[in-house]
Amino acid sequence: EIILVTGVQTCALPISSIQIIQRFYAQSSGTVLLDGRDIEKYDVHHLRRAISVVAQDNVLFSTTIRENITYGLPREMRNAITDAQVEDACKKANAWSFINDFPRKLETYCGERGVKLSGGQKQRLAIARAIIRKPIIVLLDEATSALDSKSEEVVQAALDQMIEENASGCTLMIAHRLSTVKNCEPILCMDKGHIVESGSHEELLEKTVVKDAEGKTTQGLYRDLWETQMGTKDKEIGRA
């Protein structure tokens, strides 16, 4: 697993810990700390109001774009949100351009599970939903893995802006597609729950790839995965 953590407060987490941070489960051992305080001592509703999640497969409901973006907010907050605030969140998520193409704009119905929208459009609405909550903790779980390269580029730009604006909080990103984490630091490479490498993209690419007799990578895990995904490994073998 490749885990990127950026922000003022940083922590390396396996994918299952995303649910632990949201308090869906309690860890069987050890302690999860937020600001030096045990996560179990926080009021669960207060904690979840401070969290935004963008997952690989986000749920959209058979209602309007506006209602999907504001979904999950307390009623008093939903009623107080203005059209300008919703539009601003959509612009930051790179979603306003395609929303503006619809005749009914924010009042456009998404269809069951967002069937009327493409994968990239659904992801950008999920990012707008995350932005409008003004979170302290942002959890990004394989947010671009199901997208084609063109959609990934647009969604990644929106994610980068959201991370930058949340620099005073904490952002945790998990991804196997390394182009998602290329511009971020630090990158932590984990194997069976243990950190085996850490550093920036450039630092990790400088490591030499070493494999054991069975062909398992024992050093240079990030570089090996990067060269495999980018196709540079095949080119080097061809030249050799």
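Report ³J(HN,Hα) in whole Hz for each residue of the stretch 40-56, in order, from the Karplus equation J = 6.51 cos²θ - 1.76 cosθ + 1.60 where θ = phi - 60°; Gly and Pro get x.
Going residue by residue, I get 6, 8, 7, 5, 4, 6, 4, 4, 5, 5, 8, 10, 10, 10, 10, 9, 5 Hz, with x marking Gly and Pro.
How large is the charge dipole for the chain, taken about the Cα centre, if only the Cβ atoms of Lys, Arg (+1) and Asp, Glu (-1) carry charge, to the nearest 20 debye?
720 debye
What do you get for trypsin sites (Lys or Arg not before Pro) in the stretch 139-207 restricted to DSSP loop and a cutoff of at most 13 other Cβ within 10 Å of the site's Cβ?
The qualifying sites are K192.
Would you calculate the convex hull of the Cα atoms in the chain and tell me its volume per residue in Å³?
Convex hull of Cα atoms, per residue: 151 Å³.
Taking H as built 1.01 Å from N, whose amide H comes closer than 5 Å to the amide H of G72, not counting residues under 5 places away?
Amide H to amide H, under 5 Å and 5 or more residues apart or across chains, G72 pairs with nothing.
What is the set of long-range amide H partners of Q219 at a cut-off below 5 Å, with H atoms built 1.01 Å from backbone N?
V210
For the chain, what proportion of DSSP beta bridges, expressed in % and rounded to the nearest 5, is antiparallel?
The antiparallel proportion sits near 65 percent.
Give the peptides 129-140, 70-81 in descending order of average Cβ contacts within 10 Å, highest first.
Ranking, from highest mean packing down: 129-140, 70-81.
State, as an integer percentage, the relative contact order of the chain based on alpha-carbon contacts under 8 Å between residues 6 or more apart.
26 percent
Using a 1.4 angstrom probe, figure out how much accessible area the stretch 82-240 has per residue, in square angstrom, rounded to the nearest whole.
Per-residue value: 53 Å².
The values are calculated or read from the model by the stated rules, or taken from the named source; none is laboratory data. Please read all numbers here as calculations on a predicted model, not as lab measurements. Methodologically, a virtual Cβ is constructed for each residue, glycine included, from the backbone with ideal geometry; neighbour enumeration extends over all protein chains shown. These accessible areas exclude ligands, DNA and RNA; they are computed on the full protein's heavy atoms, side chains included. Shrake-Rupley method; radii C 1.70, N 1.55, O 1.52, S 1.80 Å.
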